[in-house]
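Okay, so here's the structure we're looking at.
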Amino acid sequence: MNNNGKAEKFDFLWIILFLIIFINGFEAGGYQASLRSIGQNYDLSETSKGLFAATELFATMLAPLLLGAWADANVKTKCIRILLIIQLLASIGILLLNIQSAFVIGVFFLGLTTSALQFITIAALADTYPISGSKKIGFMTSMYALGALIAPLVVEYYLNKGLSWKVLFGILAVGSLISFAGIMASGNEKREFVAVEGSMNESIKKGTEFVLIGILLLCVIMCIYVGFENGFAYFIETLFADVLDSVLGRYALSVFWAMMIPSRVFVGYFAKRARIILMTALIAIPIITVILSLMDNSLIVFILCIPLGFASGAIYPCVLNMMLPFSGKNSALATGMITTATGIGGVVFTALTGFNAEHLGMRMAIGILAALYIFSIASAIIAGKMHKQNAQ
């Protein structure tokens, strides 16, 4: 009951926002798992498959640049509705049409809307829940990892049953429709309010300013982290198969992704310790990675993937929590900048890992990738000091 004696409406907006992030993760994992079948359907060469994958990645990097300021200038839940409609139409187009050009256009818009929904949904959560948002972000980012983990299993199941790869886009269409209905039913009102007594003091003023340097430092951290994450995914299966002569590579990769889920829940519970958790993870990741790259026992390497996945999972929610005092009233723009940095890192450092692996060997390639964390640690130290001042 509220102060007027009326029953309060059940707040389920955060559940819908969580669902959107889960579907985004499902789309990412499902598309990767379906790429081979898609290539067979359209008779694609390996180069063409890469271009198909790059189409979505390009749209993913483009979205924050085009739509970040737009989202900050409008009601974010209304922006989400528009993007969900576009996502729904793109999924239906791919589902119904068997034309290669239609598929490329559909995937482009899926990449654009998925990326935009990712950072606008996170920004909407932070704006709508200014009190509990930091804790919810940890749980929200775990939804993406969960979706990415489940999707390949679902894809493998229905492909083995003889169903088409297009089932993925049917699932995405249904998810977009449910999310749209949920957003429409949830309303636009703010759920939490922060009481400000008297005139705004200096610390609060700082919290309403957009701190560009702070955001850029966090972009550096995410760029290197996502570059490592993608490079490691490339590295680990090759290491097990070609160097360790083991079949544990795919299982190790699954464990690596699976450990990100409890890690992000952990960050959600201890959101106030985001700076400390981030620094711990940034130091732990290169140390574990170097030890892992020097091991010759496949079982030990497999076991080391467990703490490595846990440490890696903490980076994204910690960075988002540290972003909040830096973003001011431009939370979508700030989140969009970080999203763009992740796309750049995924492209550049994955390619770098492949190049180094071919010329220097796989162990040296991953060692170089781990060494880049020096820049992340330096960025985190500076950003941590700025965050402490802005969050006071």
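Among Q87, Q100, Q32, the largest mean-square fluctuation in a Gaussian network model of the chain, built with springs joining Cα atoms closer than 10 Å, belongs to Q100.
What does the highest-first list of 320-327, 126-133 look like by mean Cβ count within 10 Å?
So the peptides 320-327, 126-133, ranked by packing, come out 320-327, 126-133.
Fully extending the segment from I105 to L212 would add 35.1 nm, taking 0.36 nm per residue of separation and subtracting the current Cα-Cα distance.
Selection among S263, A185, G227 by position relative to the dipole of the chain gives A185 as farthest towards the positive end (Cβ unit charges, Cα centre). Here the sum of -39500 (n - 2.57) over DSSP H runs of 4 or more residues, divided by the residues of the chain, equals -27500 deg cm²/dmol at 222 nm, to the nearest 500. Only the Cβ atoms of Lys and Arg (+1) and of Asp and Glu (-1) were treated as charged; on that basis the dipole of the chain about its Cα centre amounts to roughly 1000 debye. Taking every alpha-carbon pair under 8 Å whose residues sit at least 6 apart, the chain reaches a relative contact order of 25 percent.
The packing ranking of peptides 61-67, 239-245, 224-230, highest mean first, is 224-230, 61-67, 239-245, where packing means the average number of other beta carbon atoms within 10 angstrom of each residue. Only one of [x] 20.2; [y] 23.1; [z] 18.1 was calculated from the structure for mean projected area of the Cα convex hull in nm², and its label is [x].
Counting Lys and Arg as +1 and Asp and Glu as -1 over every other residue whose Cβ lies under 11 Å from the Cβ of S327, the net charge comes to -2. What is the calculated FRET efficiency for S164 to V348, with r their C-beta to C-beta distance and R₀ = 30 Å, to the nearest 0.05? Once rounded, the FRET efficiency stands at 0.30. Working from label points 7 Å from Cα in the Cα-to-Cβ sense, the L96 to E156 distance is 3.4 nm.
Among the trypsin sites (Lys or Arg not before Pro) in region 290-392, those located in a DSSP loop and surrounded by at most 16 other Cβ atoms within 10 Å of their own Cβ are K329.
With the simple spin-label model, which puts each label point 7 Å out from Cα in the Cβ direction, the A241 to K385 separation comes to 4.6 nm. Seen from I315, the other residues with C-beta closer than 13 Å to its C-beta sum to a net charge of +1, counting Lys and Arg as +1 and Asp and Glu as -1. Scanning the chain for long hydrophobic helices, with DSSP H runs required to stretch 27 angstrom or more by C-alpha along their axis and to average at least 1.6 on the Kyte-Doolittle scale, returns 76-96, 167-186, 212-238, 274-294. One chain, two ends: V174 and L360. Fully extended at 0.36 nm per residue, the span grows by 62.3 nm beyond their Cα-Cα distance. Listed by Cβ neighbour count within 10 Å, with the fewest neighbours leading, C318, C305, C79 appear as C79, C305, C318.
Each value in this text was obtained by applying a stated rule to the coordinates, not by laboratory testing. Being a predicted model, the structure only gives us computed values, none of them experimental. Neighbour counts run over all protein chains shown; Cβ positions are idealised from the backbone, glycine included.
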